[in-house]
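J.: I'd like to ask some things about the structure below.
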Amino acid sequence: MKMRLVVLFVLTITGLAALPLARAQFLVDPEDSSRAAASPASTAVPPPELTYTRPTQKIELHNYVFDTFGPYPIVGAAFAAGINQAENTAPEWKQGAEAYGKRFGSDLAIAAVTTTTRYALAEAFREDTLYYRCECTGLLPRLSHAVISTLTSRRGEDGHRVFSFPALVAPYAGTMTAVYAWYPGR
């Protein structure tokens, strides 16, 4: 039994390593040709422009679909299901492939509800909850930017930072939905 769990864990980690680990965040519409390089003969890659531009509805929809059904939630759910399988979390689901499937589906649904809640509330509050790269340098400034970005979002055309209610509430909405909708009662 433990050997199966080890194999399952190794397969989950292998699947995680096989996915591309870079995701492009669109700060502007990719169809906007005004941001093309000035000289087509130039081989140097221009530095990325880090000024804030509010995403269009098309970009927000693309990011929502990617964050809900893309490779990261799938790999995250597979990884979490592997850990839950090893710890036999929700013992009512027992062990085996069917139990792993239930755990994987549950974790993927939690991620989908969380992401949907975050994007829906962000739209209601007119916020942009995407993570944007720090313009600062150095370990401590970049670390503080990452920590602050977990509970803040951008608002307005200038992209000023505000406390983000959607970022705070969304994780609770996902897990509470699982508890009351499909998780086994005790």
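The values are calculated or read from the model by the stated rules, or taken from the named source; none is laboratory data. Just so we're clear, the structure is a prediction, and the values are computed from it rather than from any experiment. Positions of Cβ are backbone-derived with ideal geometry, glycine not excepted, and every protein chain shown enters the neighbour counts. Calculation scope for accessible area: heavy atoms of the full protein, side chains included, ligands and nucleic acids excluded. Shrake-Rupley method; radii C 1.70, N 1.55, O 1.52, S 1.80 Å.
J.: Work out the FRET efficiency for Tyr72 and Val179 from their Cβ-Cβ distance, taking R0 = 25 Å, and round it to the nearest 0.05.
T.: E between Tyr72 and Val179, to the nearest 0.05, is 0.60.
J.: Another question, if that's okay. For Tyr131 and Ala97, calculate 0.36 nm times their separation in residues minus their Cα-Cα distance, and state this gained length in nm to one decimal.
T.: Full-extension gain reported as 8.7 nm.
J.: Students often check this: by mean Cβ neighbours within 10 Å, which of 173-179, 94-100, 139-145, 116-122 ranks highest, and how do the rest follow?
T.: Averaged packing, sorted descending, gives the order 116-122, 173-179, 94-100, 139-145.
J.: Let me ask something else. Could you look at the stretch 75-163 and say what percent of its accessible area is carbon and sulfur, using a 1.4 Å probe and all protein chains?
T.: Summing carbon and sulfur atoms, their accessible area is 65 percent of the total for the stretch 75-163.
J.: Sticking with the crude label model, points 7 Å out along Cα→Cβ, report the distance from Ala146 to Asn88 in nm, one decimal please.
T.: 3.6 nm
J.: Also: With N set to the number of residues, divide the alpha-carbon radius of gyration of the stretch 51-118 by 2.2 N^0.38 Å and report two decimals.
T.: Rg over 2.2 N^0.38 Å, computed on Cα atoms: 1.40.
J.: While we're on this one: Once both labels are modelled 7 Å past Cα along the beta-carbon direction, what's the Leu139-Arg54 spacing in nm?
T.: Going from the Leu139 label point to the Arg54 one covers 3.9 nm.
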